[in-house]
Every structure is written in structure tokens, then in C-alpha cells.
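Since the structure comes first, as C-alpha cells, the remarks are kept for the end.
The values are calculated or read from the model by the stated rules, or taken from the named source; none is laboratory data. All figures in this text were calculated on a predicted structure; none of them were measured in a lab. Positions of Cβ are generated from backbone atoms using ideal geometry, with glycine treated the same way; all protein chains shown enter the neighbour counts. Accessible surface is based on the protein model in full, side chains and every heavy atom, while ligands, DNA and RNA are left aside. Shrake-Rupley method; radii C 1.70, N 1.55, O 1.52, S 1.80 Å.
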Amino acid sequence: MNSVDYNKIFEASLNEIYVFSADTWRFIEVNRGGRENLGYSMEALSALTPLDIKPEYTRESFQALVRPLVAGEKEQIILETVHRRHDGTHYEVEVHLHLSSLEGEQVFVTIILDITQRKHIDEALRTSETRYRLLVENSQNAVSLHFPDGRFSYANPSHVELLGYATEMLYALTPAELAQLVHPDDLPRTRDEAH
């Protein structure tokens with residue numbers, strides 16, 4: 001049976017992986033992905049701690065962050081933060097932090113996911129949603145969304161004005177009340193009724 005070469009897996013991982021001392025916080029091992037993304041050699045990293053690459057943390061705030069791991073209250077901490085490369089540029093990351101043991105020494109093992117692209121996508125979605133919301137809110141057409149039973153879950157101002165109800169009252173209408181208010185052809189149909 002072939003033995004697993006964990007060093008090869010560690011080094012080849014597409015994610016950044018850091019191992020640093022729980023005592024001195026100095027980096028012990030950083031895989032190739034981490035070294036390349038941060039722009040440091042392993043020799044240079046061995047003189048650094050996570051505080052050197054996490055600009056938003058102080059010694060005190062980082063100590064508070066890892067305290068639940070050291071106290072055994074948590075097995076893992078996941079957080080989003082920013083890392084600073086050797087050239088001074090920053091990138092956003094999701095950090096998965098564990099306390100472990102390496103050759104009798106307590107160490108933190110950290111798996112880092114670069115989430116810069118995800119953050120850009122999230123921002124683009126927020127921008128798109130804001131534009132859509134403004135378009136619907138300012139439309140002269142009646143626009144509404146309904147729950148499966150026909151009750152309103154949303155109505156834009158034009159629809160509210162057309163029906164002549166206060167927004168809260170419109171949302172409070174029961175399906176039976178809605179049926180009296182709207183022509184049967186205009187009532188929302190369930191999926192079964194549509195076929």
C-alpha cells in the first residue's frame with residue numbers, strides 16, 4: 001500500500017496554509033501558495049508572525065481572537081480579514097484557524113482562502129440589486145410579488161397607489177380579501193393552476 005506524502009499535499013494545495021507557533025507566533029511552515037501570494041521566502045517568513053501580514057490586528061486583539069482555541073472552548077475559528085503582501089498590497093481572505101500539535105509543540109494551523117474575487121462578485125450583486133430595486137420602486141407600472149397563497153409579499157408604490165390601500169394594510173390582506181379586491185384573471189395562480 002502506498003504511503004501518503006503529506007508534505008507533498010501541503011505544498012501543492014491551492015489554498016494558502018500556514019503553521020505557526022502557539023507560543024512565539026512565528027511561522028514554522030508556509031506552503032508554496034502562501035509564500036507566492038504573500039511574496040516572501042520561507043526564510044523571511046520564519047522571522048514573521050501573523051501580525052506582520054494582518055494589518056487590522058494588534059497583539060492584544062489577536063490574542064483575544066485565539067484565546068477560545070487555547071482555552072479549548074472552540075475547535076476552529078473562521079473569520080474574514082485582510083492580508084498584506086510583502087509589496088504592501090492587500091487582499092481579502094477567509095481564515096480557518098485550528099490549534100494542533102507538531103512534534104510535541106502546540107501550533108496554529110491556518111487554511112487561507114483568497115476571497116477577493118468573491119467580494120468583487122458580492123459587490124457587483126449588491127450594486128445590481130440596488131439598481132433593480134430603484135427601477136422597480138420608481139416604475140410607473142404596478143409591480144408586486146406574492147406568497148404561494150396569493151398574499152402580497154411586496155408591492156411597489158405604483159401598485160399600492162393603484163389599489164388605494166396603505167402598504168401595511170395591503171400586506172395584511174388575506175387570500176379571500178384579495179380575491180374580492182382583484183379581478184379573478186389578475187389573481188396570482190399557483191403552479192398547479194397554471195398547468
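Just to be sure before I move on: is R84 closer than 25 Å to I9 by Cβ and either open to solvent by less than 30 Å² (accessible area, probe 1.4 Å) or within 25 Å of the chain's Cα centre (by Cα) (or both) in the structure I sent? Criteria not met by R84. When the residues of segment 53-71 are filtered to those that are open to solvent by 60 Å² or more (accessible area, probe 1.4 Å) and out of contact with any helix residue (DSSP H, G or I) (no Cβ under 7 Å at 6 or more places or on another chain), the one that is nearest to L38 (Cα to Cα) is E56.
For the condition open to solvent by 30 Å² or more (accessible area, probe 1.4 Å), farther than 20 Å from S101 by Cα, of a type in the set (D, E) and within 23 Å of the chain's Cα centre (by Cα), E43 does not qualify. Give just the number: which of (1) at pLDDT 95 or above; (2) not in a helix (DSSP H, G or I) does Q106 not satisfy? For Q106, the failing item is (1). Within segment 161-176, being touching a Lys or Arg at 6+ places or on another chain (Cβ under 9 Å) and assigned to a helix (DSSP H, G or I) holds for Y171, A172, P175. Here S158, S153 are screened, and the one residue that is among the small types (G, A, S), part of a strand (DSSP E or B) and at pLDDT 85 or above is S153.
Residues are listed down the side, and each one gets a yes or a no for (1) open to solvent by 60 Å² or more (accessible area, probe 1.4 Å); (2) of a type outside the set (K, R):
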{"position": "T116", "(1), (2)": "no, yes"}
{"position": "H120", "(1), (2)": "yes, yes"}
{"position": "R131", "(1), (2)": "yes, no"}
{"position": "L135", "(1), (2)": "yes, yes"}
{"position": "F147", "(1), (2)": "yes, yes"}
{"position": "Y154", "(1), (2)": "no, yes"}
{"position": "V160", "(1), (2)": "no, yes"}
{"position": "G164", "(1), (2)": "yes, yes"}
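When segment 27-41 is filtered for residues that are out of contact with any Phe, Trp or Tyr (no Cβ under 8 Å at 6 or more places or on another chain) and farther than 16 Å from G88 by Cα, the ones remaining, listed by number, are R32, G33. Annotation: S21 fulfils all but one of (1) within 12 Å of V109 (Cβ to Cβ); (2) more than 24 Å from the chain's Cα centre (by Cα); (3) open to solvent by 80 Å² or more (accessible area, probe 1.4 Å); the unmet one is (3).
From the list R35, R26, the one residue that fits, being surrounded by fewer than 15 Cβ atoms within 10 Å (Cβ to Cβ) and of a type in the set (K, R), is R26. Which ones in segment 57-83 are in contact with a strand residue (DSSP E or B) (Cβ under 8 Å, 6 or more places away or on another chain) and within 16 Å of W25 (Cβ to Cβ)? Across segment 57-83, the qualifying residues are Y57, L65, V66, L69, V70, I77, T81, H83.
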